[in-house]
Amino acid sequence: MSTIKVIGIDLGKSSFHLVGHDHTGREQLRQHLSRSKLIQFLSQTAQTTIAMESCGGSHWLARKCQALGHEVKLIPPQYVKPYVKTNKNDYIDADAIAEASTRPSMRFVGVKTEAAQVISVIQRIRASYVKERTACMSRIGAILLEFGMSFPKGHGKMKVLFQWLADNGEPLPAMLMQELLEHHEYYLQLNKRIAGQDKKLKQLVEQNEDAQLLKSIPGVGDLTASQCLADISDAGNFKNGRQLAAWIGLVPHQYSTGGKTTLLGISKRGNKALRTLFIHGARSILSRPDVAVAVFGEWILELRARKPFNVAVVALANKLVRIAWSVLSTK
């Protein structure tokens with residue numbers, strides 16, 4: 001085992017496939033282990049490099065490996081695919097992971113802390129409630145449309161649904177009213193659950209110094225700050241603010257060949273949740289010109305005069321991300 005330089009692990013729900021390479025890249029180990037056997041095996045293995053794809057369960061296992069003294073390298077799955085040889089199976093995947101981890105130009109994912117993963121869980125549950133609330137509102141609107149009533153959009157109208165029905169004066173069957181009542185109660189319950197998730201995130205932000213620094217950036221609130229804590233494990237993983245903006249997907253998508261540079265729209269690669277929140281924050285600033293000028297000066301007005309509104313929003317979002325990187329890396 002002392003000859004092994006790196007062990008690639010193909011992660012599964014209950015079974016794990018391991019392939020170990022020596023310093024010359026030759027395969028020296030091939031194992032198929034259960035979850036409990038894997039931890040036992042790693043605890044008995046001399047300190048080495050453990051490589052895995054960054055996927056479900058990888059951060060938990062990475063922390064376990066680090067606690068056992070191993071060096072951990074998490075690789076984005078799309079960067080492993082080019083190293084998969086011929087047909088695909090679990091051992092071939094593990095072999096590709098081990099090989100990819102030794103490439104000098106390979107990019108790796110920082111290991112998340114337990115606290116960061118908890119914040120991510122709260123955010124995902126909140127997002128699921130918001131999605132279900134939107135579906136609930138759409139169902140109520142569709143039901144009323146079947147009975148010849150066009151219900152207005154927005155939460156303001158939905159909260160006073162039955163007052164709107166009374167003002168409309170259209171008679172509805174008693175059983176339908178019962179269904180609407182139950183569904184409206186579900187809508188109100190989702191509102192309370194979303195508010196509860198918001199309260200949890202606000203408390204976490206208030207207790208975290210980094211989050212408070214992020215909130216000092218215009219356009220960054222509790223949601224954005226907490227999402228940064230969950231997804232940006234270490235700002236030092238990025239050399240500069242542009243790398244963070246590229247990771248979030250706020251830089252131009254490049255399609256260049258033959259010495260001719262072609263820049264398209266934003267790449268939309270990487271972290272969709274953070275990209276959405278920073279763009280919403282930039283839009284809130286740009287929609288108030290007096291605030292935008294007070295914070296960013298005449299640059300923002302000149303940009304707005306030269307470019308369409310949405311292009312200016314993305315440019316401002318890019319700037320906010322770079323400021324966030326600076327805040328996190330120079331605190």
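Of the helices (runs of 4 or more DSSP H) entirely within segment 218-305, those holding at least 1 residues that are within 17 Å of the chain's Cα centre (by Cα), of a type outside the set (K, R) and buried (at least 22 other Cβ atoms within 10 Å of the Cβ) occupy 222-231, 241-248, 272-286. Reported count of residues in segment 176-197, each being farther than 19 Å from F151 by Cα and open to solvent by 90 Å² or more (accessible area, probe 1.4 Å), is 2. Open to solvent by less than 50 Å² (accessible area, probe 1.4 Å), β-branched (V, I, T) and free of Cβ contacts under 8 Å to residues at least 24 places away in the same chain, is that true of I92? So I92 passes the test. Residue pairs whose Cβ atoms lie under 9 Å apart, separated by 6 or more positions or on different chains, with the first residue in segment 187-203 and under 17 Å from A225 (Cα atoms) and in contact (Cβ under 8 Å) with a residue 24 or more places away in the chain and the second open to solvent by 100 Å² or more (accessible area, probe 1.4 Å) and polar (S, T, N, Q), do not occur. Taking segment 84-137 as the range and being among the aromatic types (F, W, Y) and in contact with a helix residue (DSSP H, G or I) (Cβ under 7 Å, 6 or more places away or on another chain) as the test, only Y129 passes. Just to be sure before I move on: is M158 modelled with pLDDT of 90 or more, part of a helix (DSSP H, G or I) and open to solvent by 60 Å² or more (accessible area, probe 1.4 Å) in the structure I sent? Against the criterion (modelled with pLDDT of 90 or more, part of a helix (DSSP H, G or I) and open to solvent by 60 Å² or more (accessible area, probe 1.4 Å)), M158 does not qualify. Contact annotation: residue pairs with Cβ atoms under 9 Å, 6 or more positions apart or on different chains, pairing a residue in segment 59-71 that is in a loop (DSSP other than H, G, I, E, B) with a partner that is β-branched (V, I, T) and open to solvent by 10 Å² or more (accessible area, probe 1.4 Å), are L68/I39; L68/T45; H70/T45; H70/T48; H70/T49. Scan segment 319-331 for residues that are more than 19 Å from P252 (Cβ to Cβ), part of a helix (DSSP H, G or I) and open to solvent by 20 Å² or more (accessible area, probe 1.4 Å) and the total you get is 5. For beta carbons closer than 7 Å, sequence separation of 6+ or different chains, a first residue in segment 1-25 that is modelled with pLDDT of 95 or more and a second that is aliphatic (A, V, I, L, M) and open to solvent by 40 Å² or more (accessible area, probe 1.4 Å), there are no qualifying pairs.
Considering (1) at pLDDT below 90; (2) on the phi < 0 side of the Ramachandran plot; (3) open to solvent by less than 30 Å² (accessible area, probe 1.4 Å), the lone condition that L316 does not fulfil carries the number (1).
The values are calculated or read from the model by the stated rules, or taken from the named source; none is laboratory data. Nothing here was measured: the structure is a model prediction, and the numbers come from that model. For neighbour counting, all protein chains shown are included, and Cβ atoms are generated from backbone atoms with ideal geometry for every residue, glycine included. Ligands, DNA and RNA are stripped out before the accessible areas are found, and what is left, the full protein with its side chains, is counted by its heavy atoms. Shrake-Rupley method; radii C 1.70, N 1.55, O 1.52, S 1.80 Å.
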